[in-house]
Amino acid sequence: MIIALLLALVLSQQPVQQPNRPTDPTDPMPPPDMDYFLGAWTFEWNVPESPLGPAGKIKGKETYRKIQGTAYESEIEGEGPTGAFKGRATTSYNEKEKLVTRSETGLFGVMQTKTGPIGGDLGGYYTIYWESAPIKKNGRTIKLKGKTLMLSPAHYRLQVQISVDGGPWTNFGSPWFRKVDAKSTS
């Protein structure tokens, strides 16, 4: 009986091993870890002329911190064709609906809210498909839509399109974001 109890104790302390097999399309997608964004990211963005401002390069840094749970706040500082700017953003993730919402001020001198679903694959690559609420600036109605491609621990990319006054969607640039200290992501 003592041997049986000792054997049960030893077996109960063994780590559970994952099956040694390839992933299957029916395997559930692991939830995204939104802590991915924590820390500082530099970015560069070449924007075309639009009602949001003149064409040119925008460079800056965005630093994320966790507020609570799956809610994050970030500070944005940069320089663009119209000079230096500062902004703030809040980003939240609704796990039940797999929905990401981001509200930001400062960039392009407007307040914008972007919302959309997040999807991924079993390899850990995630994409947020978002669209902004209409933005009013200088008598024009602007909408943005795009994808946030979470490509690696050290890089993510936006693919952005713009529509002005209900017109066709056109390319608005694809900025790269690079982790300031990529070693801290491991």
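Every number in this text was worked out from the coordinates using simple rules, so none of it is lab data. Since we're looking at a predicted model, the values are computed, not measured. Please note: Cβ atoms are built from the backbone with ideal geometry, for glycine as well, and neighbour counts cover all protein chains shown.
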Inset, instruction - Starting from the stretch 67-95, keep only residues that are free of Cβ contacts under 8 Å to residues at least 12 places away in the same chain, then list their pairs with residues that are among the hydroxyl-bearing types (Ser, Thr, Tyr) and surrounded by 15 or more Cβ atoms within 10 Å (Cβ to Cβ) whose Cβ atoms are within a distance under 9 Å, requiring at least 6 positions of separation or different chains. - result: 69/92; 69/93
Inset, instruction - Pull up the stretch 23-62, narrow it to residues that are within 17 Å of the chain's Cα centre (by Cα), surrounded by 13 or more Cβ atoms within 10 Å (Cβ to Cβ) and free of Cβ contacts under 8 Å to residues at least 40 places away in the same chain, then point me to the one that is nearest to residue 174 (Cα to Cα). - result: 60
